[in-house]
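The values are calculated or read from the model by the stated rules, or taken from the named source; none is laboratory data. Worth saying up front: this structure is predicted, and the values here are computed from it rather than measured. Here the Cβ is made from the backbone with ideal geometry for all residues, glycine too, and neighbour counts use every protein chain on show.
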Amino acid sequence: MLNIHSLPTSIPSGSYPYGHCQGIAVDTQKRVVYYSYTTALVKTDFDGNFLGSVIGLLGHLGCIVRRPSDGLVYGSLEYKNDAIGQGILKRANAESVENGFYIAVFDGDRITRADMDAERDGIMTAAYLAPVTDDYLGTAENGRPHIHGCSGIDGTAIGPMPGSDDKKEWLFVAYGVYSDLDRRDNDHQVLLRFDPDDIKNSAAPLSQDHMHRSGADMAYERYFVYTGNTAYGVQNLEYDPGRDVYLMAVYRGQKPEFPNYPMYLVDAKTSPVRAPLAGIDGKEGELFTLAPGNVCDEKTGIPGADYPYGATGIAALGKGEDGVPYYYVSYDGHDDGGWNTTVRLCRADAETWIAAVQR
């Protein structure tokens with residue numbers, strides 16, 4: 001049982017020049033927090049003291065998750081030449097990069113000093129995700145670029161298969177999805193499921209001059225969640241054992257026919273159902289069920305959570321001694337030193353879905 005009183009109510013990350021916070025991962029036993037800052041991974045203790053960092057990435061490091069069974073940190077890593085990728089390359093004084101999408105694997109225990117090199121210090125390996133690259137580079141049946149509107153990947157989570165009671169853990173990675181109001185085949189969130197051991201065993205050191213394809217033959221399954229289009233898909237994906245749901249924190253969509261909530265919830269108790277995919281004539285897919293949140297749109301029947309945080313990082317901690325689910329949530333900001341975030345201790349709340357803990 002989680003000892004809530006031993007956890008600080010807020011943890012400052014410090015400020016960094018790499019880009020805004022994309023995700024957090026928390027180790028309550030060792031009392032450390034990992035932060036993805038777009039092109040760097042930062043590590044602090046629970047008092048906010050800086051412990052180390054990994055830099056040198058020319059790609060976008062997104063949502064991260066710590067796997068308790070092996071202590072490693074897994075995160076989405078995308079290399080691309082769209083507007084986001086070009087912005088990263090410009091800051092790094094680089095011209096281009098080979099398009100490719102990976103799960104990065106970090107040995108957090110070995111992050112012990114500032115500015116460790118992602119390529120040369122043996123801290124990071126990466127497994128290549130062929131289906132994401134294929135969808136990003138592919139053309140949809142309607143002639144539009146990027147199948148399912150795929151802009152790459154962002155959200156990552158480790159947890160059970162919805163509807164299964166076998167206790168096996170899986171790694172889910174969510175597509176980024178371009179915000180395009182004129183197409184109808186981009187209204188699902190797309191999640192791929194991998195065996196995290198396959199990810200770990202396929203991961204190899206990455207040379208950004210000659211990108212490897214280790215992991216291209218990994219087995220995977222694809223699932224869909226009908227929410228309506230969102231801006232760049234699932235920013236943070238997190239399994240919440242306290243509520244038995246997957247949290248999907250997004251940037252609000254812009255299509256007026258949808259509720260455009262900032263968070264949606266996948267019911268982890270319900271198996272996927274094979275059904276037609278909206279906006280893609282004649283195509284079927286495995287659809288996850290949305291769980292109730294604190295709001296539900298009357299017109300579409302789509303439920304969600306009207307909770308404005310989580311897109312820059314959320315870590316579900318499980319239930320405390322009081323039986324209530326708790327979380328650490330990123331509240332990001334910016335100052336003269338760069339981008340920063342404060343990680344705040346929060347608890348489940350029926351009205352606001354999640355509320356900051358006050359002591």
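Numbers at a glance
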item: Pairs with Cβ under 7 Å, 6+ apart, first in segment 292-311 and on the phi > 0 side of the Ramachandran plot, second of a type in the set (S, T, N, Q); result: Gly310/Asn236
item: Condition check for Leu41: of a type in the set (A, V, I, L, M, F, W, C), out of contact with any Asp or Glu (no Cβ under 6 Å at 6 or more places or on another chain), closer than 20 Å to Gly138 by Cα and buried (at least 16 other Cβ atoms within 10 Å of the Cβ); result: no
item: From Gly337, Gly323, residue being surrounded by fewer than 16 Cβ atoms within 10 Å (Cβ to Cβ), closer than 21 Å to Val245 by Cβ and either out of contact with any Asp or Glu (no Cβ under 7 Å at 6 or more places or on another chain) or aliphatic (A, V, I, L, M) (or both); result: Gly323
item: Given (1) surrounded by fewer than 12 Cβ atoms within 10 Å (Cβ to Cβ); (2) under 22 Å from the mean Cα position of the chain (by Cα), number of the condition Lys299 does not satisfy; result: (2)
item: Residues being touching a residue at least 40 places away in the same chain (Cβ under 8 Å) and either touching a Lys or Arg at 6+ places or on another chain (Cβ under 8 Å) or of a type in the set (A, V, I, L, M, F, W, C) (or both) - total across segment 19-45; result: 12
item: Those strands (runs of 3 or more DSSP E) lying entirely in segment 32-127 with at least 2 residues small (Gly, Ala, Ser); result: 50-55, 73-79, 100-106
item: From Val324, Val329, residue being under 30 Å from Lys43 (Cα atoms) and either touching a Phe, Trp or Tyr at 6+ places or on another chain (Cβ under 8 Å) or among the polar types (S, T, N, Q) (or both); result: Val329
item: Segment 236-284: number of residues that are touching a Lys or Arg at 6+ places or on another chain (Cβ under 6 Å) and either among the hydrophobic types (A, V, I, L, M, F, W, C) or free of Cβ contacts under 8 Å to residues at least 40 places away in the same chain (or both); result: 4
item: Subset of segment 44-57 [surrounded by 20 or more Cβ atoms within 10 Å (Cβ to Cβ) and either out of contact with any strand residue (DSSP E or B) (no Cβ under 6 Å at 6 or more places or on another chain) or closer than 17 Å to Ala315 by Cα (or both)]; result: Thr44, Leu57
item: Options Val32, Val26; residue that is within 23 Å of Ile314 (Cβ to Cβ), in contact with an Asp or Glu (Cβ under 9 Å, 6 or more places away or on another chain) and buried (at least 20 other Cβ atoms within 10 Å of the Cβ); result: Val32
item: Conditions (1) under 19 Å from the mean Cα position of the chain (by Cα); (2) surrounded by fewer than 20 Cβ atoms within 10 Å (Cβ to Cβ); (3) modelled with pLDDT of 95 or more; number of the one not met by Thr156; result: (2)
item: The listed residue being touching a Pro at 6+ places or on another chain (Cβ under 8 Å), at pLDDT 95 or above and acidic (Asp, Glu), out of Glu238, Glu169; result: Glu169
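Residues checked against (1) touching a Cys at 6+ places or on another chain (Cβ under 8 Å); (2) touching a residue at least 40 places away in the same chain (Cβ under 8 Å); (3) among the polar types (S, T, N, Q):
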{"residue": "Asp107", "(1), (2), (3)": "no, no, no"}
{"residue": "Val132", "(1), (2), (3)": "yes, yes, no"}
{"residue": "Ile158", "(1), (2), (3)": "no, yes, no"}
{"residue": "Gly176", "(1), (2), (3)": "yes, yes, no"}
